[in-house]
Amino acid sequence: MNKVPFLNFEPLHSEIKVEMLKAFEEVYDSYWYVLGNKVKQFEEEYASFNHTKACVGVSNGLDALHLSLKALGIGKGDEVIVPSNTYIATVLAITDNHLTPVFVDPSEESFNIDIDKIEEAITPKTKAIAVVHLYGQACWSEKLNELKEKYNLKIVEDNAQAIGAKWHGIRTGNLGDAAGFSFYPGKNLGALGDSGAVTTNDDKLADIVEALGSYGSHIRYVHEYAGLNSRMDELQAAFLDIKLQRIDERNEIRRQNAQKYFEGIKNPLIKLPKLVNETADGHVFHLFVVRCERRDELRQFLADNGIESLIHYPTPVPKQKCYKQYADALCPVADKVQSEILSIPM
Ligand SMILES: *Cc1c(COP(=O)(O)O)cnc(C)c1O
């Protein structure tokens, strides 16, 4: 029995249970279950929370990234720069669009893509950079805007893990051309099933994403694009709306818990995560990831004491079986950190 499970929904879900059940009843009685008023309302509130012009609700985080790249019109064979140590979804969104991922190693400090190594990976085929705010820490610098200008690139943010984080007062998900969000239950803002969204400041792009996610159609039975089915449910939108009202407060609790770890973990064999942004809101601690050369022993010790831990992620993406064609991609930093990282409960 885990005394400390990795993820614990109980405190929040018991607090909001009555509100959530009321939302369920409203949707149930409305007899309208996909893309309706609840989705509209959530999209408006989420765009406003994120300070972006538009938000489009979709089925999940992978689709949000897939549709963002597709809507940006990046063509077959074009290259997209992506960190080697992300969740596989970021890379699948690229390869599912018949684009070529070009892997760049993370910085050892932040675990985020090493922005200083991006320029050397740019070729005439490079059309976009997929920036991942990994573990909840905002990944940005002026350098990215400079590269974007100089090489005429698009930037798509994978903001599945950093909902609510800020870089110099700007919300992540409001820094590039488009951003993909996941509301998988375990994310900082989690639905009670699969759900996701795309945010952008480009109304036209939002319009295309919206059509692409509804079979490529704005008007019923008129198909402008060969789209897919990636619609948001009314139930998930209604549930998310209730949780959205509490997201800043929940992120603050995560930061306070992180502070307890920063102050309480004194073992010199355990390296604590580095905060690379100037302000506290630069990290929303989706995950608290420590490093330890004797990681597996540490993990066993925690397990023996009823504390669950996980590894995000045990294998760099180019080393996955499904990506044999990229097995030669050099990612010494990702290889090294992968054997030392451990995510402890938040
Ligand atoms: C969870 C996650 C995704 C995918 O989201 P789903 O809703 O599971 O499709 C993409 N990127 C990152 C970094 C994630 O953590």
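The values are calculated or read from the model by the stated rules, or taken from the named source; none is laboratory data. Quick caveat, the model's predicted, so the values are computed rather than measured. Positions of Cβ are generated from backbone atoms using ideal geometry, with glycine treated the same way; all protein chains shown enter the neighbour counts. Heads up: the accessible areas ignore ligands, DNA and RNA and are worked out on the full protein's heavy atoms, side chains in. Shrake-Rupley method; radii C 1.70, N 1.55, O 1.52, S 1.80 Å.
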Discussion item. Taking the condition of being touching a residue at least 40 places away in the same chain (Cβ under 8 Å) and either within 17 Å of the chain's Cα centre (by Cα) or surrounded by fewer than 23 Cβ atoms within 10 Å (Cβ to Cβ) (or both), how many residues in region 211-229 meet it?
Written reply: 3
Worksheet item: Are any residues in region 100-116 on the phi < 0 side of the Ramachandran plot and either out of contact with any helix residue (DSSP H, G or I) (no Cβ under 9 Å at 6 or more places or on another chain) or within 16 Å of the ligand (Cβ to nearest atom) (or both), and if so, which ones?
Response: PRO101, PHE103, VAL104, PRO106, GLU109, SER110, ASN112, ILE113
Discussion item. Based on this model, can you work out whether ASP202 counts as open to solvent by 30 Å² or more (accessible area, probe 1.4 Å), within 26 Å of TYR87 (Cβ to Cβ), acidic (Asp, Glu) and within 16 Å of the ligand (Cβ to nearest atom)?
Written reply: no
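Residues are listed down the side, and each one gets a yes or a no for (1) of a type outside the set (Gly, Ala, Ser); (2) more than 18 Å from the chain's Cα centre (by Cα); (3) open to solvent by less than 40 Å² (accessible area, probe 1.4 Å):
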| residue | (1), (2), (3) |
| --- | --- |
| ILE247 | yes, no, yes |
| ARG250 | yes, no, no |
| PRO332 | yes, yes, no |
| LYS336 | yes, yes, no |
| GLU340 | yes, yes, yes |
Worksheet item: Does SER107 satisfy the condition of being closer than 22 Å to LEU287 by Cα, among the polar types (S, T, N, Q) and either touching a Gly at 6+ places or on another chain (Cβ under 9 Å) or surrounded by fewer than 22 Cβ atoms within 10 Å (Cβ to Cβ) (or both)?
Response: yes
Worksheet item: Taking region 265-280, which residues are touching a helix residue (DSSP H, G or I) at 6+ places or on another chain (Cβ under 7 Å), open to solvent by 70 Å² or more (accessible area, probe 1.4 Å) and in a loop (DSSP other than H, G, I, E, B)?
Response: LEU275
Item to complete: May I ask you to list the residues in region 168-181 that are in contact with a helix residue (DSSP H, G or I) (Cβ under 6 Å, 6 or more places away or on another chain) and open to solvent by 10 Å² or more (accessible area, probe 1.4 Å)?
Response: ARG171, ASN174
Fill in: When residues of region 56-86 are limited to those that are among the β-branched types (Val, Ile, Thr) and buried (at least 24 other Cβ atoms within 10 Å of the Cβ), the one nearest to the ligand (Cβ to nearest atom)
THR86
Worksheet item: What is the residue count in region 281-337 for residues that are part of a strand (DSSP E or B) and not charged (D, E, K, R)?
Response: 6
Worksheet entry | Among (1) buried (at least 16 other Cβ atoms within 10 Å of the Cβ); (2) closer than 24 Å to ALA191 by Cα, the one test that ILE242 misses | (1)
